[in-house]
Every structure is written in C-alpha cells, then in structure tokens.
1. Once you compute Rg and the Kirkwood Rh from C-alpha atoms, what is the Rg to Rh ratio for the range 171-324?
2. Going by alpha carbons, how many degrees (0 to 90, nearest 10) lie between the helix axis of 49-60 and the longest principal axis of the chain?
3. Step through the table entries Lys47/Lys178; Lys48/Lys280; Lys47/Lys312; Lys145/Lys312; Lys225/Lys312; Lys173/Lys312, compare each Cα-Cα distance with 24 Å, and write down the pairs that go over it.
4. Which ³J(HN,Hα) values, rounded to whole Hz and listed in residue order, are derived for the range 106-119 from phi using the Karplus coefficients 6.51, -1.76 and 1.60 in 6.51 cos²θ - 1.76 cosθ + 1.60 with θ = phi - 60°, glycine and proline given as x?
5. Pairing the Cα long axis of helix 5-27 with the longest principal axis of the chain, what angle in degrees results, from 0 to 90 and rounded to the nearest 10?
6. Whole-Hz Karplus ³J(HN,Hα) for the range 96-105, in order, using 6.51 cos²θ - 1.76 cosθ + 1.60 and θ = phi - 60°, x for Gly and Pro?
7. Quick one: which residues, 5 or more positions from Ser232 or on another chain, have an amide H under 5 Å from its amide H? H modelled 1.01 Å from N in the peptide plane, none for Pro or chain starts.
8. Enumerate the amide H contacts of Arg95 below 5 Å, restricted to partners 5 or more residues apart or on another chain; note that Pro and chain-start residues carry no placed amide H.
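FYI, it's all coordinate maths here, none of it is from the lab. Remember, it's a predicted structure, so these values are computed and weren't measured experimentally.
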Amino acid sequence: MIADFQEYLLMRRPLLDEAFKRTLSGLLGGYSLRDAISLTAALEGGKKLRGCLSCLISDVLGGLFEAVIPRAIAVELIQAATLIHDDVVDQDTIRRNRPAVWTVEGARRAVLIGDVIFASAIRMMSELSREDGFAASHTIAEVSKGALHEPFDPLRMAEEIASGRIDEDLYEKIIYLKTGVLFGTACRLGAIAAGAGSRLTETSYRYGLRIGEAYQIADDLQEVKQHLLRRSIQPDRMAALAPAFLHFIRETGPYVLAALQGECTDMDESASEFFGAAAKLMENEIERRLQSAVSEMEENFPDNEYSRVARKAPGEIIRIFNES
C-alpha cells in the first residue's frame, strides 16, 4: 500500500529516469558528440513531478505503465526546454546545481537546443495519436505565450500602471500559461494513456491545472518572503512580482510604482505592511486552489489506492517545492 505522493515518487521516478535515458539515447542518435553532450546536460536531473503526475493519473484510471511512459517523458521534455529558454531570458546562470545551458553553449545555441527539445516532444506525441500531438503542440504554444506575458522591463511596467493600462487579469494569465497548463497537460496525457473518456480527461486536466497554478503562486510567494526579510526589492524583481502584488492588493500600486521607477527600493513600514498582507492572501489562494484540485479527485475519480495518493498529492507537491 502506497502511503503518499512522496512514496509514489520514490517508486515511479527511478523507472521514469531509466525510460528517459533510453528515450534520450534514441533522441541523440543524429547529433554530433558535442550536441549530444549539451542535450544530455539539459535533460538529465530534476524532480520529474510533472511526469510522475502523468503516471499517477494513469494509475488512478487503470492504465498501463508502458502506455503512459512516453507521454510522461514528453511532458518532461517540454519542461526542460522551457527552463532552457527561461534561463536565457532571465540570465540565470545555475540550473539544477549545474551551469545553465546558455552559460556553456551561448544564448543562441541554448535557444536552438530548447527548440530541438520542443520539436522532439511534438514528434513523439504525434506518433502516438492526433490527440496526443495536439496536446503537446497546444501546451508548447500556451507556455510560450506565458513567457511573452511576463513583464521584464520595469519602466514599461511602470508606464502601464501609471496610465491605467495594466491588464487586471494579467496574474491569472501568467500562472495559467507559465505553469498551470503544463501540469494540466501532464494529467490529461495520463488520462489519455489510460483510455479515459473526454469527461475524465478534462477533469484530469483541471486537477493538474489547479496544482500548477498553486505551484506558481508558491514560487512567487517564496520570493516575496525573501524580499520582506530583506525589506528591499530592486526594479527588475519588482517587474516580475508586480502582477502578483496588484492582483492580490491593488493598494500596493504606489509602492510597486516607486520600486519599478527605482525611487524607493527599500520598504518602509507601510510598504512592508501592504506586501506582507499580499503574501498572506497568496498563501490563502494556494490553499484554495489545492482544495479545488482535491475536490476534482474526490468527486469524479474512482476510489482506489492511487486516487487516495492523488488526493494527497497537491499539498505534498507544494511541500516538496517549499523544501527544495
């Protein structure tokens, strides 16, 4: 009897890692040694939470491991390519305790490596079925839109806030596109692998979507708490967090604007109070979305050993993230 999602990860991840290596070997067949080394470095490691969610949903619905494994691998390929592109855009130099791909290969080659991985995921899924191919290509398109929606320029963000042109739904769009959709697709592909009908497939997607949205809020919250401890925030980081602050407490606007313009990067008591209140609302929203995911599982899925694990999984995934 599997007690929880952590135990499920310990059971499934080694099998997923082994299958991933076999797939990687085939994927690298047509590449030079240098390119093969670069791709291997980009794809190895990671917690493989999304791939394991694919496996879990398949298990809940009585699917075969052999059927879900290529779909779980495709999800992890998409995640890896997304991280490669993110590191180039954000200029992050470390990924999974290793140098980011762009720091070794250069930005141009890193982007191309990410493109190759995206294309490989689409090809893998298209070879399985039209439905799988659409799920992969649609997800990559949505994730790419999420990257485009993210604000990077503090002055541009400041202009949009000052002029009232800021999209009130921007944060919802970001957490859906940036993280929610891939978690959702991971679960959808698990249902497809199990041969589930459209109702359970879409329910699986919503289950994963809510987990992914909570995951992104938790990621943002972690950074907010770091800035609250330091009582300061630089313009570039405020640009990334401004959608969250404005979504949860509109009254943070003047403080957000001042930080974006570089006029006040240190938090006074009033700013700290507003940002701290926003952090508390973020915590509440994480719990709300996790409970929404659990409700999808309780109301729509068969009751078995794996569904009981899946009911615990949303909260455990956030805990794993917070402890990493």
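1. 1.08
2. Helix 49-60 and the main axis of the chain meet at about 50 degrees.
3. Lys48/Lys280; Lys145/Lys312; Lys225/Lys312; Lys173/Lys312
4. Coupling constants for the range 106-119: x, 4, 4, 5, 4, 4, 5, 4, x, 5, 4, 5, 4, 4 Hz.
5. Roughly 70 degrees, rounded to the nearest 10.
6. Calculated HN-Hα couplings, in order: 6, 6, 10, x, 4, 4, 5, 6, 9, 9 Hz.
7. Long-range HN contacts for Ser232: Met267.
8. Long-range HN contacts for Arg95: Ala100.
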